[in-house]
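Enquirer: Sharing a structure here in structure tokens format.
Just so you know, all these numbers are worked out from the coordinates, no wet-lab data involved. Computed from a prediction, not measured in an experiment: that's the story for all the values here. Note that we place each Cβ from the backbone using ideal geometry, even for glycine, and neighbour counts take in every protein chain shown.
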Amino acid sequence: MSTKGGSALSERAAVTPEDRSLANTVRAITTVWQRELIRFGRSKMRVVTSFAQPILYLFVFGTGLGSLVGRASVGFDFKMFLFPGVLGMTVLFSAVFSAVSIVWDREFGFLREMLVAPVPRSGIVMGKALGGASVATVQGALVLVLAPFASIRLTPLIVIEALAIMALLAFCLTSLGIVVASRMQRIESFQAVMQFFLMPIFFLSGALFPIGSLPSWLSVLVRANPMTYAVVALRRVMFSADPLPPDAAQAAGLNITWGSWVLPTWMLLLVVAIFGALALSVSVLTFRQVE
């Protein structure tokens, strides 16, 4: 009896340590990524409701505030200015709340099953980040069909560039969501904490207003927000088919500066990528402490 028990324990111990081989890590990433996509695909209501908030901001908020601002005062349709911000908003909310699956898995016990599996936790985190980023990018791509209603002309190159920027932003924000979700025990706590972070990130991104002539204290906060750089990059891409006059471009906030240096688009994306890498690193370290 003892021999059989000892044999069972030895076999269990043989599979308990993490297998950190590249093939096993890639398998873990792929499995978790596919699970996130399957979960999204089965939630038809989530796909439909992803249009509700963008439509509300673009056509209700955009039309109302556009009538106050006036096309003559800025040189372009305000909905045209607002559309890249709406894309960023869609990616923000979808990416961050994709991390809520971690809290759900914890409550239903599935997270514990993943944690005891002989796979590196970094692979689980990467799979979650890629899955959430993929879902957020798909939802952002769906919102792109509203571009003609915002007087924005799309070309195949613009669509590709916009999708790449949204994917980078989504990966960055999903990693941030994982950092928070890995510390939460209940879904209610996660929602409360993320609302505390989400609204400042959104409102301080320049999604709803130009960032060219802000008070110094607000300008500092806006430039400390990684989403700001993604929104400005999206605006540059969205307006590339029909470039704005210099005065209108300045009014639209297409230029973000550090001192007197106007950041090129590649630098904007590099800032987002660096923040995403830092958020992913922190999420991996935090996830390793999850029990």
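Enquirer: Quick check on the exposure proxy: order S43, S182 from fewest to most C-beta atoms within 10 angstrom. Can you show the working numbers first?
Expert: Values: S43 13, S182 24.
So the ranking, lowest neighbour count to highest, is S43, S182.
Enquirer: Take E188, E161 and order them by how many other Cβ atoms sit within 10 Å, fewest up front.
Expert: Working: E188 10, E161 18.
By the 10 Å Cβ count, ascending: E188, E161.
Enquirer: Let me know the shape class of region 22-287, please: from the alpha-carbon gyration tensor, a ≥ b ≥ c as square roots of the eigenvalues, rounded when a/c is under 1.5, otherwise prolate if a/b is greater than b/c, or oblate. Provide the component values of the computation, followed by the final result.
Expert: Working: a/c = 2.01, a/b = 1.79, b/c = 1.12.
Prolate shape, in that a/c is at least 1.5 and a/b is the bigger ratio.
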